[in-house]
1. Residue check: is Val144 in contact with a Gly (Cβ under 7 Å, 6 or more places away or on another chain), in contact (Cβ under 8 Å) with a residue 40 or more places away in the chain and crowded, with 17+ Cβ neighbours inside 10 Å?
2. Considering every residue within the stretch 77-92, establish whether at least one is among the small types (Gly, Ala, Ser) and open to solvent by 40 Å² or more (accessible area, probe 1.4 Å).
3. Within the stretch 123-166, track down each residue that is in a loop (DSSP other than H, G, I, E, B) and charged (D, E, K, R).
4. Among the residues of the stretch 64-71, is there at least one that is more than 20 Å from Met138 (Cα to Cα), at pLDDT below 95 and open to solvent by less than 40 Å² (accessible area, probe 1.4 Å)?
5. Please go through the stretch 102-135 and give me each residue that is in contact (Cβ under 8 Å) with a residue 12 or more places away in the chain, closer than 22 Å to Gly25 by Cβ and either among the basic types (Lys, Arg) or open to solvent by 50 Å² or more (accessible area, probe 1.4 Å) (or both), ordered by number.
6. Any residue in the stretch 133-147 that is among the hydroxyl-bearing types (Ser, Thr, Tyr) and over 11 Å from the mean Cα position of the chain (by Cα)?
7. Confirm whether Ser130 is within 20 Å of Asp154 (Cα to Cα) and modelled with pLDDT under 95.
8. Inside the stretch 96-122, can you point out the residues that are under 22 Å from Ala62 (Cβ atoms) and assigned to a loop (DSSP other than H, G, I, E, B)?
Amino acid sequence: VGILVLQIALAVVVFWPRQAAEAAGEPLLSGLEVEQVVGVTIREGMSEQIDLTKKGEDWVLAEAGDFPVQGEDVSALLDKLVDLKSDRLVAETADSHQRLQVAEDNYAYEVRLKLEDGSLRRLYLGTSPSLGAIHVRMAGQDPVYLASDLSSSDVSARVTNWIDAS
């Protein structure tokens, strides 16, 4: 009976609902605003690549004779990237980059953001441990974070996912 009471007490302590402590986290792309981005290059693995360029207020495929793309999809992607936070740290060492597919020579997706001042910001997106989440790392930094509300379908390098068919 004593052991049963001890097990019940232990179960209550372990499984009692708690309010999740939510760290605010710093923006992963600190100081970046969507309006500053004039180009987006997405590379899927080491093969497919797409270059989206801002011409005036519209987004186009520059390598396809400025063929229009769905600007709202580009804006949605940029919003998600700018909103990335550094509150869900997954790994801190370079050794984990290969395993999580966020290494410079082994990544699922590479996203390059060209800013209006000519500078570049690069992100590596890797494995997806769950639906709507993906591992992300800033180029030149070791920490890897888990990004929520971002998935591989948001960063596809296939032209058909971006073009404005109308």
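1. Details: in contact with a Gly (Cβ under 7 Å, 6 or more places away or on another chain): no; in contact (Cβ under 8 Å) with a residue 40 or more places away in the chain: yes; crowded, with 17+ Cβ neighbours inside 10 Å: yes.
Criteria not met by Val144.
2. Narrowing the stretch 77-92 to residues among the small types (Gly, Ala, Ser): 86, 91.
Next cut, open to solvent by 40 Å² or more (accessible area, probe 1.4 Å) only: none.
Within the stretch 77-92, none of the residues are among the small types (Gly, Ala, Ser) and open to solvent by 40 Å² or more (accessible area, probe 1.4 Å).
3. Keep residues of the stretch 123-166 that are in a loop (DSSP other than H, G, I, E, B), which gives 126-132, 139-143, 149-151, 156-158, 162, 164-166.
If the condition is that a residue be in a loop (DSSP other than H, G, I, E, B) and charged (D, E, K, R), then Asp142, Asp149, Arg158, Asp164 are the ones that fit.
4. So in the stretch 64-71, the residues more than 20 Å from Met138 (Cα to Cα) come out as 64-71.
Then keep just the ones that are at pLDDT below 95; that gives 64-71.
When the remaining residues are screened for being open to solvent by less than 40 Å² (accessible area, probe 1.4 Å), the result is 69, 71.
Yes; the residues of the stretch 64-71 include at least one that is more than 20 Å from Met138 (Cα to Cα), at pLDDT below 95 and open to solvent by less than 40 Å² (accessible area, probe 1.4 Å).
5. Arg121, Arg122, Ser128, Pro129, Leu131, listed by residue number.
6. No - not one qualifying residue is present in the stretch 133-147.
7. So Ser130 passes the test.
8. Taking the stretch 96-122 as the starting set, the residues that turn out to be under 22 Å from Ala62 (Cβ atoms) are 109-122.
Passing the criteria: Glu116, Asp117, Gly118, Ser119.
The values are calculated or read from the model by the stated rules, or taken from the named source; none is laboratory data. Just so it is clear, the model here is predicted, and its values are computed rather than measured. Using ideal geometry, Cβ is built from the backbone for each residue, glycine included, and neighbour counts are taken over all protein chains shown. Accessible surface areas use protein heavy atoms only, side chains included; no ligands, DNA or RNA. Shrake-Rupley method; radii C 1.70, N 1.55, O 1.52, S 1.80 Å.
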